[in-house]
Amino acid sequence: MQRGYERTSTLDIASRAKVSKRELYQFFAGKAEIVSACIAARAERMRRPLTLPPVKDRETFIASLMSFGSTFLREICDPVVVGIYRLAATETERSPEVARVLDTAGREANRTALIHLLKKAQSSGILVAGDPAIVASEFFGLLVGDVLLRLILRVADRPSAREIERRARAAADAIVRLYANTKA
């Protein structure tokens, strides 16, 4: 992130990690795989709240949605993650694989996890039928808003824990208001 994707060699990465280049290549085929692993590990941290008990009632669903939302927002606003988004944006012409990895291993993996939660809520009768992908997009839009863009542009500070919780609750409440099964 400091030097840019193209200007950083695997030797630079190995030196910074205090390992030999040989050790690095035992685990990764190259820089793209290193970036992919870092993004995938961060994305997995964002999805941890979705490993909660099965969604059986409205309260559990709301708690899961809020937990996922606050964890996701806290992680995506982390300076390292914002730096990865900046890196992907600035290097996209020379190294489009960084943006592809960020989209696939990061954004899409989290979106898929949320869609899975929404499908569970639908099959439990908590949410009405509809396209969970659209509901997921609406949730992320309500949750993140323009926060990430403002952080990438360096025109805002990272939201406080209180603001993150407030945004997660507001996004979860809006989704429940819009899509909750009133008969459940």
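The numbers here are math on the coordinates, done by the rules we state, and not lab data. Computed from a predicted model, the values in this text were never measured in an experiment. All Cβ positions, even for glycine, are placed from backbone atoms using ideal geometry, and neighbour counts span all protein chains on display.
Counting every Cα pair in the chain, what percent are over 22 Å apart? The answer is 51 percent, as a whole percent. Ordering of 151-159, 14-22 by packing is 151-159, 14-22, highest average first (other Cβ atoms within 10 Å, averaged per residue). Counting only alpha carbon atoms, the long axis of helix 109-123 and the longest principal axis of the chain meet at about 20°. Taking the helices alone, the chain has a mean residue ellipticity at 222 nm of -21000 deg cm²/dmol, built from -39,500 (n - 2.57) per DSSP H run of at least 4 residues and averaged over all its residues.
Using only Cα atoms, locate the centre of region 79-146 and the centre of region 23-42, then give the distance between them in Å, rounded to an integer. A separation of 21 Å, based on Cα centres. Principal-axis analysis of the Cα atoms of the chain puts helix 161-179 at an angle of about 50° to the longest axis.
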